[in-house]
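Working notes for the structure below.
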Amino acid sequence: MKRMIRVSLTILCVTVLSLSFVACNGTQSDSESEGLDSPTFSLNGVEYTLPVSVVELIENGWDGEDFDLAALAADTLNPHTSINIYLKNEDQVVGVDISNSSARVLPISESYVSDIFVSGSWPDAAQLIFPGNIMVGSTYEDVIAAYGKPNERNEWSRSKTLTFFTDDVSIELVIDTETNLVMIMGMRVI
């Protein structure tokens, strides 16, 4: 049951993030978002910059949620493709896309994480912190203070999605309209 709920919420997360990333279509608004100088983030206290190598995550204790990431790293990834997986470190989970942006088949160990995301609805979500100290539980006001006006904003009955992007990075934050707190967050290199 717990796995079914996680899978359902993950599909929802990925769908919302994907739709927003597709909607921005790599274009840039007249005013770039503030505070996004580079695609850096902190994951359980360790700072990374996207794209981050799969090997670096393995070396820092991350493994597949239901599989051995080191064994997966020996597999290959076709050109211009990505896979979506969940990583764990002790009892904490984060979602990532591992991408091969080259024109040749690469071992996953030579591929890079191009997207990272967490949901506050996961009881075991990793502590993911974006520039400006934005994390699950940050307020809408904290987000605006850190990044300024969003490049895109979509509203639904129970949430609003704010998308901020520059030439290098896109950050998408889903805000609960009742609590005004970040409940889902994702970062992608453009």
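Since every read-out is calculated from the coordinates, none of them should be taken as a lab result. Every value quoted in this text rests on a predicted model; they were computed, and no experiment measured them. Please note: Cβ atoms are built from the backbone with ideal geometry, for glycine as well, and neighbour counts cover all protein chains shown.
Arranged from fewest to most other beta-carbon atoms within 10 Å of their beta carbon, PHE41, PHE67, PHE164 become PHE67, PHE41, PHE164.
Cβ under 13 Å from SER157's Cβ, SER157 left aside: what net charge do those residues give with Lys, Arg +1 and Asp, Glu -1?
Numbers: positive: ARG158, LYS160; negative: GLU155, ASP176, GLU178.
Neighbourhood net charge equals -1.
I need SER102, SER82, SER119 ordered by Cβ neighbour count within 10 Å, fewest first. Can you show the working numbers first?
On the way: SER102 12, SER82 18, SER119 21.
Going from sparsest to densest Cβ surroundings: SER102, SER82, SER119.
Between the C-alpha center of segment 42-57 and that of segment 101-134 there is a gap of 8 Å. The slack in the chain from ASP66 to ASP37, taken as 0.36 nm per residue of separation less the alpha-carbon distance, amounts to 7.0 nm.
Cut-off is 10 Å between beta-carbons; in what order do PHE117, PHE130 appear when sorted fewest neighbours first?
Details: PHE117 23, PHE130 26.
Taking fewest neighbouring Cβ atoms as first place, the list is PHE117, PHE130.
Under 5 Å between amide hydrogens, built in the peptide plane, is the criterion, and for THR177 it picks out SER159, LYS160 among residues at least 5 positions away or on other chains. Note on ASN154/ASN84: beta-carbon distance plugged into 1/(1 + (r/R0)^6) with R0 of 22 Å gives a FRET efficiency of 0.55.
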